[in-house]
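In what follows, a single structure is set out as structure tokens and then discussed.
The values are calculated or read from the model by the stated rules, or taken from the named source; none is laboratory data. Remember, it's a predicted structure, so these values are computed and weren't measured experimentally. Cβ coordinates were reconstructed from backbone atoms using ideal geometry, including for glycine residues, and neighbour counts include every protein chain displayed.
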Amino acid sequence: MNLSSLERIYPAGGSRETISGNETLQLHLQRYHFAGRHHLPGIIADVACGAGYGSYLLATEYAKDIERIIAVDNSPVAIDYCKNFYSHKKIDYELKDVFEFRSKGPINTVISLETIEHLMDPERFVMHFSSMLAKGGRFIASAPVTPSMDANPFHQNDFTIKSFKKLFTSAGLVEIDSLIQVQQYKAFTMISKKEGRGEDLRKGMVAYYLKNPVKFFTRLKSLLTDGFANKYLVVVFEKK
């Protein structure tokens, strides 16, 4: 059974060749390595941890000063998968909605990658987890900064570099470092349903654009500016 979708990748059951050749997965892993290089010693919260490979990467490759990783996701399937394939003595997997989660003590680093674009209230999300950060703690987050709502029905927000950073700076956080990732794509590649992930693309794009003409012009501007490329931004913020 192929659990992977447009939103989640479950790599543990795949061959090494499949995993190494999965460009989208490699982008995810690069984000976790970036987060690993910028995390602070102590407690880490991996928010919307998905299949768990990112939490496991942190626990195995950046474990020296990590006390505990609290990995949270709202999918029972994902959490079961995490426990079956990516269990580790330093990781606690929790089945919980992000807004229901509350840590027992201050968190040193919050990591939330490719999460915020799915939320109806991203400002509330940032404030919620910022409030759990220890003083001097870090919030490491990522999101697409080219249009995605038109093609991806699971996304509730489109961000630019400026609008994404503003979510965090408006909450009193200060930018420390950032990473831009560029993923080139060929027209109709996803529509071909390669790896099964294209099946989750939005159906009825013409009708969507007729109902949301601003999104059509946003997409057109992106194509003229960036061509056939998706861009992702990862930013390290700090709580002063």
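Could you pull out the residue among T115, T146, T109 that is surrounded by 19 or more Cβ atoms within 10 Å (Cβ to Cβ) and within 14 Å of L167 (Cβ to Cβ)?
T115
In the stretch 152-170, what count of residues is obtained for those that are without any contact (Cβ under 8 Å) to a residue 60 or more places away in the chain, crowded, with 18+ Cβ neighbours inside 10 Å and either aliphatic (A, V, I, L, M) or in a helix (DSSP H, G or I) (or both)?
Residues meeting the conditions: 1.
Determine whether I111 is touching a strand residue (DSSP E or B) at 6+ places or on another chain (Cβ under 7 Å), at pLDDT 95 or above and in a helix (DSSP H, G or I).
Against the criterion (touching a strand residue (DSSP E or B) at 6+ places or on another chain (Cβ under 7 Å), at pLDDT 95 or above and in a helix (DSSP H, G or I)), I111 does not qualify.
Any idea which residue in the stretch 65-103 is nearest to M120 (Cα to Cα), counting only those that are of a type in the set (V, I, T) and surrounded by 15 or more Cβ atoms within 10 Å (Cβ to Cβ)?
V98
Mind checking whether some residue in the stretch 37-47 is charged (D, E, K, R), surrounded by 22 or more Cβ atoms within 10 Å (Cβ to Cβ) and out of contact with any Cys (no Cβ under 8 Å at 6 or more places or on another chain)?
Yes; the residues of the stretch 37-47 include at least one that is charged (D, E, K, R), surrounded by 22 or more Cβ atoms within 10 Å (Cβ to Cβ) and out of contact with any Cys (no Cβ under 8 Å at 6 or more places or on another chain).
Any residue in the stretch 185-207 that is at pLDDT 95 or above, β-branched (V, I, T) and either buried (at least 18 other Cβ atoms within 10 Å of the Cβ) or not in a loop (DSSP other than H, G, I, E, B) (or both)?
No, the stretch 185-207 has no match at all.
Could you say whether any residue in the stretch 107-120 is farther than 27 Å from K203 by Cβ, without any contact (Cβ under 8 Å) to a residue 40 or more places away in the chain and not β-branched (V, I, T)?
Scanning the stretch 107-120 turns up no residue that is farther than 27 Å from K203 by Cβ, without any contact (Cβ under 8 Å) to a residue 40 or more places away in the chain and not β-branched (V, I, T).
Of all the residues that make up the stretch 47-76, how many are of a type in the set (A, V, I, L, M) and part of a helix (DSSP H, G or I)?
Adding up the residues that qualify gives 4.
Collect the residues in the stretch 208-231 that are exposed (fewer than 13 other Cβ atoms within 10 Å of the Cβ), of a type in the set (A, V, I, L, M, F, W, C) and over 13 Å from M149 (Cα atoms), keeping them in residue-number order.
L210, L220, L224, F228
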